[in-house]
1. Of the cross-linked pairs Lys72/Lys205; Lys94/Lys202; Lys104/Lys164; Lys114/Lys149; Lys99/Lys325, which ones have a Cα-Cα span greater than 26 Å in the structure shown?
2. Could you size up the charge dipole of the range 37-92 around its Cα centre, putting +1 on the beta carbon of Lys and Arg and -1 on that of Asp and Glu, and report it in debye to the nearest 20?
3. What residue among Ile80, Asn52, Leu63 has its Cα farthest toward the positive end of the dipole of the range 43-90, where the charges are +1 on Lys, Arg and -1 on Asp, Glu, each on the Cβ?
4. Where does the charge balance sit around His16 when Lys and Arg score +1, Asp and Glu -1, over other residues with C-beta under 13 Å from its C-beta?
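Quick note: the coordinates plus some simple rules give every number you see, no bench work behind them. Everything numeric in this text was worked out from a predicted model, so none of it was measured. Note that each Cβ is placed from the backbone with ideal geometry, even for glycine, and that neighbours are counted across all protein chains shown.
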Amino acid sequence: QTRSIGYCDTIQNLQHQTHEFEFMKRRENNIIKSEEHNNIRLERKQLMLRHNRLKLDNRIHYLTEQLNHIMKKNQTNEQIITINNIRLKDQQNKITTIKIALKKLIHLNNNFEKILRENRFIRIDEQEKLRSIKQISFRKRKQLITHRKRLHILSTNEHNLINKTIRNSFEIIRLNSIFHNINSTEKYFQSMVRNKKTELMKREKERTSLSRYLRDHNDRIHFLSKKHQLIENELASKIDHYQLLDNNLLKQNCAQIIISNRKQHVIYLYEQKLQVLNGIDTKNNQLESLSDNEMHRIINKTHENEQLKLNIHNLKQQIINAISKNKRHLDEYSLLNEKIRLYTQLNDIYNQQ
């Protein structure tokens, strides 16, 4: 009986221990399940953080490339502006020389008109003298004939001078039109310089906004890296605790989860790489189209500058020719004045006789 009582006690103790073990087992299973759930959730968070970090890295790389491109474009625009300023200064100097030449031509034309007036007065005087000589005597008809010849020469010279002054006036009108065209080209260049300056200001504003955006992204990356480090530390502590509870079950479950997560991560990385490659291709196409447009614009600008240089050279040549013509006309006028002076002296001598 004592043995049976002892056996009953031992059986009851064993049953009580088995109940306790089952209760412990259930509790441990519940703890394991909760830990697995937490681990899965933390791994998902870790994957999301990695995904966000990759996105931020790609965005930073794109923004840095865009910044470099904008800085290069600003440098080229500054060089173009300096070249255009130099050309504008050259154009202004040429315009001042043309203005001086125009003033000289106008002065010469005024001198020619004065000489023409004097020649008209001289012709009128000569005609009056001829009339008086005709009325005075018949003897001096030969001299009158010579005087008439001289008067005819003077009238032809006067006619030539009139034609030359008309030509000079036409030349002045043509030079005025050329000067007007040069002023219009100068205004066009000034508008181009203003547009380039506004573009530079816009690019500078874009560059400052991009730099601010980069600073914000760097701060966000720093914050996310700290958060990621904390989550990794928490994960490491949880994994250690989980391994102490049930090594075998953890190994199996972890192996399956890691394999599935690796597959998902590899698929996600492949899709991200495809998206990045497509974005790079589109950006390269855009940059090539932009570079082609810039090259066409530069070629057109060089052709325009060469044409403008040729026009300026032709204008210089025309001004030189006009100056040489005016010198020739001055020489002819001086000869004509000398002839008129000699003729007046002869008339004075004749009248004295």
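1. Too far apart for the 26 Å limit: Lys94/Lys202.
2. I would put it at about 400 debye.
3. Final value for the positive-end residue is Asn52.
4. On the way: positive: none; negative: Asp9, Glu20, Glu22.
Taking every Cβ under 13 Å from that of His16, the sum is -3.
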